[in-house]
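**Q** There's a structure below that I have some questions on.
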Amino acid sequence: MVTVTGVRFRKSGKVYYFNPERVWPKPGDAVVVETIRGLEIGEAVTGAREVGDDQIVAPLKHIVRLATEADLRQAEAANALEAEAYKECQAKIIEHKLEMKLIETEIAFDCSKIIFFFTANSRIDFRDLVKDLTSKYKTRIELRQVGVRDEAKMLGGLGACGRSLCCGTFLSDFQPVSIKMAKEQNLSLNPTKISGQCGRLMCCLKYEQAFYESIIKKLPRIGRDVVTPDGVGALLDINALKESVKVRVRFADGSYDVRTYGVDDVQRVNPTQKPADRDGEAEPEEKAVERPSPPPEPVKRAAPRRARGKANKQSTESYFLKTGEADGAVPDAREGETP
(Lines give C-alpha, C1' and ligand atoms only; values in the text may rest on other atoms or scores of the structure.)
Protein backbone atom coordinates (compact mmCIF):
# COMPACT_ATOMS: atom_id res chain seq x y z
CA MET A 1 0.00 0.00 0.00
CA VAL A 2 1.17 3.53 -0.87
CA THR A 3 -0.04 6.87 0.52
CA VAL A 4 -1.06 9.21 -2.32
CA THR A 5 -3.06 12.34 -3.09
CA GLY A 6 -5.23 12.70 -6.23
CA VAL A 7 -4.63 15.79 -8.37
CA ARG A 8 -6.57 16.92 -11.43
CA PHE A 9 -5.15 19.42 -13.95
CA ARG A 10 -8.20 20.05 -16.11
CA LYS A 11 -11.89 20.17 -15.46
CA SER A 12 -13.35 16.65 -15.64
CA GLY A 13 -9.87 15.42 -16.48
CA LYS A 14 -8.15 12.29 -15.27
CA VAL A 15 -7.02 12.11 -11.65
CA TYR A 16 -3.30 11.47 -11.16
CA TYR A 17 -1.67 10.27 -7.96
CA PHE A 18 1.26 12.06 -6.32
CA ASN A 19 3.34 11.50 -3.21
CA PRO A 20 2.20 13.92 -0.44
CA GLU A 21 5.05 13.29 1.98
CA ARG A 22 6.33 16.88 1.60
CA VAL A 23 2.95 18.65 1.54
CA TRP A 24 -0.42 17.40 2.83
CA PRO A 25 -3.06 19.37 0.90
CA LYS A 26 -6.78 19.26 1.47
CA PRO A 27 -9.37 18.62 -1.27
CA GLY A 28 -9.84 21.82 -3.28
CA ASP A 29 -6.36 23.25 -2.65
CA ALA A 30 -4.27 24.39 -5.61
CA VAL A 31 -0.91 22.62 -5.67
CA VAL A 32 2.25 22.71 -7.78
CA VAL A 33 3.43 19.22 -8.69
CA GLU A 34 6.32 17.69 -10.55
CA THR A 35 5.45 15.92 -13.84
CA ILE A 36 7.34 14.59 -16.84
CA ARG A 37 6.60 17.91 -18.61
CA GLY A 38 7.96 19.99 -15.75
CA LEU A 39 6.12 21.89 -13.03
CA GLU A 40 2.34 21.97 -13.35
CA ILE A 41 -0.41 23.53 -11.26
CA GLY A 42 -3.49 21.50 -10.43
CA GLU A 43 -6.26 20.96 -7.92
CA ALA A 44 -6.17 18.37 -5.16
CA VAL A 45 -9.41 16.36 -5.40
CA THR A 46 -8.71 13.82 -2.65
CA GLY A 47 -6.92 13.86 0.64
CA ALA A 48 -4.06 11.58 1.56
CA ARG A 49 -5.13 7.94 1.33
CA GLU A 50 -3.67 4.52 0.73
CA VAL A 51 -4.02 2.67 -2.57
CA GLY A 52 -2.64 -0.57 -3.94
CA ASP A 53 0.66 -0.76 -5.75
CA ASP A 54 -1.14 -1.80 -8.95
CA GLN A 55 -3.03 1.54 -9.10
CA ILE A 56 0.02 3.78 -9.39
CA VAL A 57 2.50 4.39 -12.19
CA ALA A 58 6.10 4.27 -11.05
CA PRO A 59 8.03 6.39 -10.35
CA LEU A 60 5.60 8.31 -8.14
CA LYS A 61 6.15 12.07 -8.42
CA HIS A 62 6.01 14.48 -5.47
CA ILE A 63 3.83 17.47 -4.62
CA VAL A 64 6.28 20.38 -4.59
CA ARG A 65 4.25 22.99 -2.69
CA LEU A 66 0.89 24.60 -2.18
CA ALA A 67 0.18 27.18 -4.87
CA THR A 68 1.13 30.70 -3.85
CA GLU A 69 -0.30 34.00 -5.07
CA ALA A 70 2.50 34.27 -7.61
CA ASP A 71 1.71 30.80 -8.92
CA LEU A 72 -1.97 31.67 -9.30
CA ARG A 73 -1.14 34.90 -11.17
CA GLN A 74 1.17 32.96 -13.49
CA ALA A 75 -1.61 30.45 -14.16
CA GLU A 76 -4.03 33.26 -15.00
CA ALA A 77 -1.52 34.77 -17.42
CA ALA A 78 -1.14 31.39 -19.11
CA ASN A 79 -4.91 31.11 -19.45
CA ALA A 80 -5.07 34.54 -21.08
CA LEU A 81 -2.34 33.52 -23.49
CA GLU A 82 -4.31 30.38 -24.40
CA ALA A 83 -7.20 32.46 -25.74
CA GLU A 84 -4.82 34.59 -27.83
CA ALA A 85 -3.00 31.51 -29.19
CA TYR A 86 -6.32 29.92 -30.13
CA LYS A 87 -7.33 32.88 -32.29
CA GLU A 88 -3.90 33.06 -33.90
CA CYS A 89 -3.87 29.35 -34.75
CA GLN A 90 -7.40 29.54 -36.16
CA ALA A 91 -6.38 32.38 -38.45
CA LYS A 92 -3.32 30.47 -39.66
CA ILE A 93 -5.43 27.38 -40.39
CA ILE A 94 -7.68 29.46 -42.65
CA GLU A 95 -4.67 31.08 -44.28
CA HIS A 96 -3.04 27.74 -45.14
CA LYS A 97 -6.42 26.21 -46.12
CA LEU A 98 -6.02 23.18 -43.90
CA GLU A 99 -8.96 20.78 -43.46
CA MET A 100 -8.77 20.59 -39.67
CA LYS A 101 -10.93 21.81 -36.79
CA LEU A 102 -9.21 23.47 -33.84
CA ILE A 103 -10.69 22.37 -30.52
CA GLU A 104 -8.66 23.74 -27.64
CA THR A 105 -5.34 25.28 -26.67
CA GLU A 106 -3.31 24.36 -23.58
CA ILE A 107 -0.20 26.17 -22.31
CA ALA A 108 2.23 24.72 -19.77
CA PHE A 109 2.52 26.34 -16.36
CA ASP A 110 5.98 27.75 -17.15
CA CYS A 111 4.97 28.66 -20.76
CA SER A 112 7.55 26.25 -22.16
CA LYS A 113 5.09 24.53 -24.48
CA ILE A 114 1.82 25.28 -26.28
CA ILE A 115 -0.41 22.35 -27.25
CA PHE A 116 -3.14 22.71 -29.89
CA PHE A 117 -5.85 20.02 -29.99
CA PHE A 118 -7.67 19.47 -33.30
CA THR A 119 -9.80 16.96 -35.19
CA ALA A 120 -9.49 15.95 -38.85
CA ASN A 121 -10.82 13.28 -41.17
CA SER A 122 -7.39 12.38 -42.50
CA ARG A 123 -3.72 13.12 -42.00
CA ILE A 124 -2.80 16.80 -42.22
CA ASP A 125 0.50 18.31 -43.32
CA PHE A 126 0.80 21.15 -40.80
CA ARG A 127 4.55 21.79 -41.02
CA ASP A 128 4.07 25.32 -42.35
CA LEU A 129 1.54 26.00 -39.61
CA VAL A 130 4.01 24.94 -36.90
CA LYS A 131 6.71 27.18 -38.38
CA ASP A 132 4.42 30.23 -38.28
CA LEU A 133 3.32 29.56 -34.69
CA THR A 134 6.90 28.94 -33.54
CA SER A 135 8.11 32.22 -35.02
CA LYS A 136 5.17 33.98 -33.36
CA TYR A 137 5.50 32.69 -29.78
CA LYS A 138 9.18 31.64 -29.66
CA THR A 139 8.39 28.43 -27.76
CA ARG A 140 7.77 24.77 -28.41
CA ILE A 141 4.60 24.08 -30.42
CA GLU A 142 2.77 20.73 -30.42
CA LEU A 143 -0.31 19.82 -32.46
CA ARG A 144 -2.26 16.83 -31.18
CA GLN A 145 -5.12 15.14 -33.04
CA VAL A 146 -7.99 13.83 -30.89
CA GLY A 147 -11.20 11.88 -31.53
CA VAL A 148 -14.79 13.00 -31.56
CA ARG A 149 -15.41 11.82 -28.00
CA ASP A 150 -12.52 13.92 -26.72
CA GLU A 151 -13.89 16.84 -28.70
CA ALA A 152 -17.26 16.60 -26.94
CA LYS A 153 -15.49 16.34 -23.59
CA MET A 154 -13.46 19.51 -24.22
CA LEU A 155 -16.29 21.60 -25.65
CA GLY A 156 -19.04 20.38 -23.31
CA GLY A 157 -22.77 20.76 -23.93
CA LEU A 158 -26.13 19.27 -23.03
CA GLY A 159 -27.14 15.66 -23.51
CA ALA A 160 -30.48 14.16 -24.52
CA CYS A 161 -31.46 14.06 -20.82
CA GLY A 162 -31.14 17.85 -20.53
CA ARG A 163 -28.13 17.71 -18.22
CA SER A 164 -24.50 18.57 -18.91
CA LEU A 165 -22.49 15.93 -20.70
CA CYS A 166 -21.12 13.23 -18.40
CA CYS A 167 -17.72 13.35 -20.10
CA GLY A 168 -17.54 17.12 -19.57
CA THR A 169 -18.46 17.06 -15.87
CA PHE A 170 -17.36 13.96 -13.96
CA LEU A 171 -16.46 11.15 -16.39
CA SER A 172 -12.67 11.02 -16.49
CA ASP A 173 -12.17 7.88 -18.61
CA PHE A 174 -14.19 6.59 -21.55
CA GLN A 175 -15.66 3.12 -21.13
CA PRO A 176 -16.32 0.83 -24.13
CA VAL A 177 -19.97 0.88 -25.20
CA SER A 178 -21.55 -1.57 -27.68
CA ILE A 179 -24.90 -1.91 -29.44
CA LYS A 180 -25.47 -5.11 -27.44
CA MET A 181 -26.07 -2.98 -24.35
CA ALA A 182 -28.89 -1.10 -26.08
CA LYS A 183 -30.49 -4.39 -27.14
CA GLU A 184 -30.35 -5.89 -23.65
CA GLN A 185 -31.89 -2.72 -22.19
CA ASN A 186 -34.80 -2.84 -24.70
CA LEU A 187 -33.91 0.55 -26.16
CA SER A 188 -34.75 1.76 -29.62
CA LEU A 189 -31.96 1.02 -32.07
CA ASN A 190 -32.51 4.36 -33.80
CA PRO A 191 -29.03 5.97 -33.95
CA THR A 192 -30.43 9.43 -33.21
CA LYS A 193 -31.88 8.23 -29.89
CA ILE A 194 -28.95 6.25 -28.52
CA SER A 195 -26.11 8.49 -29.73
CA GLY A 196 -24.58 11.41 -27.84
CA GLN A 197 -23.34 14.80 -28.99
CA CYS A 198 -20.19 13.17 -30.35
CA GLY A 199 -22.18 10.88 -32.66
CA ARG A 200 -21.10 7.73 -30.81
CA LEU A 201 -23.16 5.55 -28.48
CA MET A 202 -24.04 7.31 -25.23
CA CYS A 203 -21.71 6.58 -22.33
CA CYS A 204 -24.67 6.26 -19.94
CA LEU A 205 -25.56 2.90 -21.52
CA LYS A 206 -22.71 1.49 -19.42
CA TYR A 207 -24.09 2.66 -16.08
CA GLU A 208 -26.90 0.11 -15.67
CA GLN A 209 -25.47 -2.67 -17.83
CA ALA A 210 -24.23 -4.71 -14.87
CA PHE A 211 -27.75 -4.72 -13.34
CA TYR A 212 -29.37 -5.79 -16.62
CA GLU A 213 -26.86 -8.61 -17.03
CA SER A 214 -27.55 -9.90 -13.50
CA ILE A 215 -31.30 -10.07 -14.25
CA ILE A 216 -30.90 -11.64 -17.69
CA LYS A 217 -28.65 -14.39 -16.31
CA LYS A 218 -31.49 -15.61 -14.09
CA LEU A 219 -33.89 -16.16 -17.00
CA PRO A 220 -33.83 -17.95 -20.36
CA ARG A 221 -34.20 -16.16 -23.66
CA ILE A 222 -37.49 -14.65 -24.74
CA GLY A 223 -39.67 -17.31 -26.34
CA ARG A 224 -38.40 -20.16 -24.15
CA ASP A 225 -40.56 -22.04 -21.65
CA VAL A 226 -40.50 -21.17 -17.95
CA VAL A 227 -42.22 -22.60 -14.88
CA THR A 228 -44.60 -20.20 -13.10
CA PRO A 229 -46.90 -20.64 -10.08
CA ASP A 230 -49.78 -21.13 -12.57
CA GLY A 231 -48.02 -23.62 -14.81
CA VAL A 232 -45.62 -23.66 -17.72
CA GLY A 233 -45.63 -20.82 -20.24
CA ALA A 234 -43.61 -19.00 -22.84
CA LEU A 235 -41.54 -15.98 -21.79
CA LEU A 236 -42.70 -12.87 -23.67
CA ASP A 237 -40.97 -9.86 -22.09
CA ILE A 238 -38.42 -8.96 -19.40
CA ASN A 239 -38.57 -5.69 -17.44
CA ALA A 240 -35.23 -5.55 -15.65
CA LEU A 241 -35.90 -2.27 -13.80
CA LYS A 242 -39.14 -3.57 -12.26
CA GLU A 243 -37.67 -7.08 -11.96
CA SER A 244 -40.77 -8.55 -13.58
CA VAL A 245 -41.58 -10.71 -16.60
CA LYS A 246 -44.59 -11.40 -18.81
CA VAL A 247 -45.43 -15.03 -19.49
CA ARG A 248 -48.04 -16.60 -21.78
CA VAL A 249 -49.38 -19.41 -19.58
CA ARG A 250 -51.24 -22.47 -20.83
CA PHE A 251 -53.86 -23.96 -18.51
CA ALA A 252 -55.19 -27.51 -18.22
CA ASP A 253 -58.38 -26.70 -20.20
CA GLY A 254 -56.29 -25.55 -23.19
CA SER A 255 -56.80 -21.81 -22.68
CA TYR A 256 -54.01 -19.21 -22.59
CA ASP A 257 -53.45 -16.02 -20.62
CA VAL A 258 -50.64 -13.43 -20.34
CA ARG A 259 -49.66 -12.76 -16.74
CA THR A 260 -46.93 -10.79 -14.97
CA TYR A 261 -44.65 -12.40 -12.40
CA GLY A 262 -41.60 -11.42 -10.42
CA VAL A 263 -38.20 -12.58 -11.58
CA ASP A 264 -37.83 -14.83 -8.54
CA ASP A 265 -41.25 -16.45 -9.16
CA VAL A 266 -40.28 -18.09 -12.45
CA GLN A 267 -37.77 -20.83 -13.10
CA ARG A 268 -36.15 -22.44 -16.08
CA VAL A 269 -37.76 -25.58 -17.51
CA ASN A 270 -35.78 -28.76 -17.04
CA PRO A 271 -34.81 -29.80 -20.58
CA THR A 272 -35.05 -33.50 -19.65
CA GLN A 273 -38.69 -33.13 -18.60
CA LYS A 274 -41.34 -34.23 -21.12
CA PRO A 275 -43.66 -31.57 -22.58
CA ALA A 276 -46.76 -33.39 -21.28
CA ASP A 277 -45.44 -33.38 -17.73
CA ARG A 278 -44.80 -29.63 -17.93
CA ASP A 279 -48.50 -28.85 -18.41
CA GLY A 280 -49.58 -31.23 -15.70
CA GLU A 281 -51.17 -33.69 -18.12
CA ALA A 282 -49.85 -37.22 -18.34
CA GLU A 283 -49.85 -38.72 -21.78
CA PRO A 284 -49.90 -42.49 -22.28
CA GLU A 285 -46.62 -43.90 -23.31
CA GLU A 286 -46.49 -45.23 -26.85
CA LYS A 287 -45.53 -48.88 -27.18
CA ALA A 288 -42.76 -49.60 -29.57
CA VAL A 289 -43.83 -51.84 -32.46
CA GLU A 290 -41.28 -54.44 -33.45
CA ARG A 291 -40.96 -54.75 -37.19
CA PRO A 292 -39.00 -57.50 -38.98
CA SER A 293 -35.81 -56.17 -40.42
CA PRO A 294 -35.38 -56.63 -44.20
CA PRO A 295 -32.93 -59.32 -45.34
CA PRO A 296 -29.51 -57.99 -46.11
CA GLU A 297 -28.81 -57.34 -49.75
CA PRO A 298 -26.12 -59.50 -51.36
CA VAL A 299 -22.87 -57.72 -51.81
CA LYS A 300 -21.66 -57.70 -55.38
CA ARG A 301 -17.95 -57.75 -55.68
CA ALA A 302 -15.99 -57.47 -58.87
CA ALA A 303 -13.65 -60.33 -59.60
CA PRO A 304 -9.95 -59.57 -59.66
CA ARG A 305 -8.42 -58.85 -63.02
CA ARG A 306 -6.33 -62.03 -62.92
CA ALA A 307 -9.38 -64.16 -62.15
CA ARG A 308 -11.36 -62.59 -64.99
CA GLY A 309 -8.52 -63.28 -67.41
CA LYS A 310 -8.31 -66.91 -66.26
CA ALA A 311 -12.07 -67.36 -66.70
CA ASN A 312 -11.95 -65.98 -70.22
CA LYS A 313 -9.09 -68.36 -71.04
CA GLN A 314 -11.10 -71.35 -69.77
CA SER A 315 -14.18 -70.40 -71.80
CA THR A 316 -12.03 -70.08 -74.93
CA GLU A 317 -10.47 -73.53 -74.39
CA SER A 318 -13.88 -75.13 -73.88
CA TYR A 319 -15.06 -73.54 -77.13
CA PHE A 320 -12.19 -74.99 -79.08
CA LEU A 321 -12.86 -78.42 -77.59
CA LYS A 322 -16.50 -78.27 -78.65
CA THR A 323 -15.74 -77.15 -82.20
CA GLY A 324 -12.90 -79.67 -82.59
CA GLU A 325 -10.35 -77.07 -83.54
CA ALA A 326 -6.78 -78.05 -82.91
CA ASP A 327 -4.11 -75.78 -81.66
CA GLY A 328 -6.72 -73.11 -80.86
CA ALA A 329 -7.35 -72.11 -84.49
CA VAL A 330 -10.31 -69.79 -84.90
CA PRO A 331 -12.68 -70.71 -87.80
CA ASP A 332 -12.71 -68.30 -90.68
CA ALA A 333 -16.07 -66.61 -91.01
CA ARG A 334 -15.43 -65.98 -94.72
CA GLU A 335 -15.83 -69.73 -95.38
CA GLY A 336 -19.43 -69.66 -94.11
CA GLU A 337 -18.78 -71.49 -90.84
CA THR A 338 -20.27 -70.02 -87.72
CA PRO A 339 -19.31 -71.03 -84.24
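The values are calculated or read from the model by the stated rules, or taken from the named source; none is laboratory data. Source: prediction; values computed, not measured. Neighbour counts run over all protein chains shown; Cβ positions are idealised from the backbone, glycine included.
**Q** Please verify whether Phe118 is farther than 26 Å from Ala67 by Cβ, among the aromatic types (Phe, Trp, Tyr) and not assigned by TED's automatic domain parsing to the domain that holds Arg8, treating the condition exactly as stated. Please lay out each step first, then the result.
**A** Numbers: farther than 26 Å from Ala67 by Cβ: yes; among the aromatic types (Phe, Trp, Tyr): yes; not assigned by TED's automatic domain parsing to the domain that holds Arg8: yes.
So Phe118 fits the description; yes.
**Q** Give Ile41, Ile114, Ile56, Ile141 a once-over and let me know the one that is in contact with a Phe, Trp or Tyr (Cβ under 8 Å, 6 or more places away or on another chain), farther than 30 Å from Thr5 by Cβ, β-branched (Val, Ile, Thr) and surrounded by 12 or more Cβ atoms within 10 Å (Cβ to Cβ).
**A** Details: Ile41 fails: farther than 30 Å from Thr5 by Cβ; Ile114 fails: farther than 30 Å from Thr5 by Cβ; Ile56 fails: farther than 30 Å from Thr5 by Cβ.
Among Ile41, Ile114, Ile56, Ile141, only Ile141 is in contact with a Phe, Trp or Tyr (Cβ under 8 Å, 6 or more places away or on another chain), farther than 30 Å from Thr5 by Cβ, β-branched (Val, Ile, Thr) and surrounded by 12 or more Cβ atoms within 10 Å (Cβ to Cβ).
**Q** Turning to a different aspect of this structure: How many of the residues making up region 248-275 are hydrophobic (A, V, I, L, M, F, W, C), surrounded by 12 or more Cβ atoms within 10 Å (Cβ to Cβ) and either out of contact with any Lys or Arg (no Cβ under 7 Å at 6 or more places or on another chain) or modelled with pLDDT under 75 (or both)?
**A** 2
Conditions (1) closer than 30 Å to Met1 by Cα; (2) exposed (fewer than 11 other Cβ atoms within 10 Å of the Cβ), marked per residue:
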{"site": "Arg65", "(1), (2)": "yes, no"}
{"site": "Leu81", "(1), (2)": "no, no"}
{"site": "Ala85", "(1), (2)": "no, no"}
{"site": "Ile94", "(1), (2)": "no, yes"}
{"site": "Phe109", "(1), (2)": "no, no"}
{"site": "Ser135", "(1), (2)": "no, yes"}
{"site": "Gly156", "(1), (2)": "no, no"}
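**Q** Still on this structure, I have one more. Test each condition in (1) over 36 Å from the mean Cα position of the chain (by Cα); (2) in a strand (DSSP E or B); (3) modelled with pLDDT of 85 or more for Glu34 and report the one that comes out false.
**A** For Glu34, the exception is condition (3).
**Q** Every residue in region 185-224 that is within 24 Å of Arg268 (Cα to Cα), assigned to a loop (DSSP other than H, G, I, E, B) and either of a type outside the set (Gly, Ala, Ser) or touching a helix residue (DSSP H, G or I) at 6+ places or on another chain (Cβ under 9 Å) (or both), please. So that I can check it myself, show each step before the final result.
**A** Applying the first criterion (within 24 Å of Arg268 (Cα to Cα)) to region 185-224 yields 185-186, 209-224.
Still in the running and assigned to a loop (DSSP other than H, G, I, E, B): 185-186, 217-224.
Within region 185-224, Gln185, Asn186, Lys217, Lys218, Leu219, Pro220, Arg221, Ile222, Arg224 qualify.
**Q** Given the criterion surrounded by 13 or more Cβ atoms within 10 Å (Cβ to Cβ), free of Cβ contacts under 8 Å to residues at least 12 places away in the same chain and more than 28 Å from Ala80 (Cα to Cα), identify the matching residue among Ser188, Ser195, Ser164.
**A** Values: Ser188 fails: surrounded by 13 or more Cβ atoms within 10 Å (Cβ to Cβ); Ser164 fails: more than 28 Å from Ala80 (Cα to Cα).
Unique residue meeting the criteria: Ser195.
**Q** Looking only at region 109-128, which residues are free of Cβ contacts under 8 Å to residues at least 40 places away in the same chain, charged (D, E, K, R) and not in a loop (DSSP other than H, G, I, E, B)?
**A** Here is the first cut: in region 109-128, the ones free of Cβ contacts under 8 Å to residues at least 40 places away in the same chain are 111, 114-128.
If we keep only those that are charged (D, E, K, R) too, we end up with 123, 125, 127-128.
Residues satisfying the conditions are Arg127, Asp128.
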